[in-house]
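Data first, discussion second: the structure below is written as structure tokens.
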Amino acid sequence: MDTDGYSRAPDDSYWQECLRLRPYLLRVAAWRCQGLLEPDDVVQEAFVRGAESRHLELRWLRPFLVTVICRLCVDEARRRAVAGRLGSHPRLLPPPAEDPAELACDRAEARWLAMKSRDLSPSDRRLLSLLTARRGRKEIADELGTTPQGTYSAVHRLRRRIGPTC
């Protein structure tokens, strides 16, 4: 009864044929992998997979091993490409560390702007909130019922009223 999942262990003829094909397979691996993997490691992995194959005939050993080598190289190239894309994807990168000085300046500026905005009219506060929400001038104009040029002028006047730093 076969307990390890293989019908037979490879005999000497399998390993003799592997030794005979090894120089050719090393050249194939070096050409196909092009520095992705060590050719010797790829060939050894192909030999192991061939030894694990249940019904591999010696006449099919060379094409089988070449196919395995090519697929191992392609798998490694794909793995590296995916890792490269994942490693550089902006949504997957850790957020940049916030500089404590920048954070303190942002908070101080927000307090200053909140103080200044208390003196603004309700329409100016609404314009300021639309600007801080990163709305475009055309969108703000549509919401306020003005023209884009009118919105531009209102923003210009608001900046003069608040101060030169805004």
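The values are calculated or read from the model by the stated rules, or taken from the named source; none is laboratory data. On a predicted model such as this, the values are computed, not experimentally measured, just so you know. We place every Cβ from the backbone using ideal geometry, glycine too, and count neighbours over all the protein chains shown.
A few comments on the model shown:
- The residues listed here are 146, 151; of these, the one that is assigned to a loop (DSSP other than H, G, I, E, B) and more than 39 Å from the chain's Cα centre (by Cα) is 146.
- Yes/no for residue 113 being of a type in the set (A, V, I, L, M, F, W, C), under 30 Å from residue 157 (Cβ atoms), touching a residue at least 24 places away in the same chain (Cβ under 8 Å) and not in a loop (DSSP other than H, G, I, E, B): yes
- Qualifying position, being in contact with a Gly (Cβ under 9 Å, 6 or more places away or on another chain) and either of a type in the set (Gly, Ala, Ser) or modelled with pLDDT under 85 (or both), among 116, 138: 116
- Between 69, 140, the distinction of being among the β-branched types (Val, Ile, Thr) and under 30 Å from residue 23 (Cβ atoms) belongs to 69 only.
- Identity of the residue in the range 37-49, under 31 Å from the mean Cα position of the chain (by Cα) and either among the hydrophobic types (A, V, I, L, M, F, W, C) or surrounded by 15 or more Cβ atoms within 10 Å (Cβ to Cβ) (or both), that ends up farthest from residue 21 (Cα to Cα): 37
- Residues being β-branched (Val, Ile, Thr) and either exposed (fewer than 14 other Cβ atoms within 10 Å of the Cβ) or closer than 19 Å to residue 109 by Cα (or both) - total across the range 128-166: 5
Each row is one residue, and each column tells you yes or no for (1) over 31 Å from the mean Cα position of the chain (by Cα); (2) surrounded by 10 or more Cβ atoms within 10 Å (Cβ to Cβ).
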position: 26; (1), (2): yes, yes
position: 31; (1), (2): no, yes
position: 51; (1), (2): yes, yes
position: 59; (1), (2): yes, no
position: 90; (1), (2): no, no
position: 109; (1), (2): yes, yes
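- The range 82-113, subset among the small types (Gly, Ala, Ser) and more than 30 Å from residue 149 (Cα to Cα), residue modelled with the lowest pLDDT: 97
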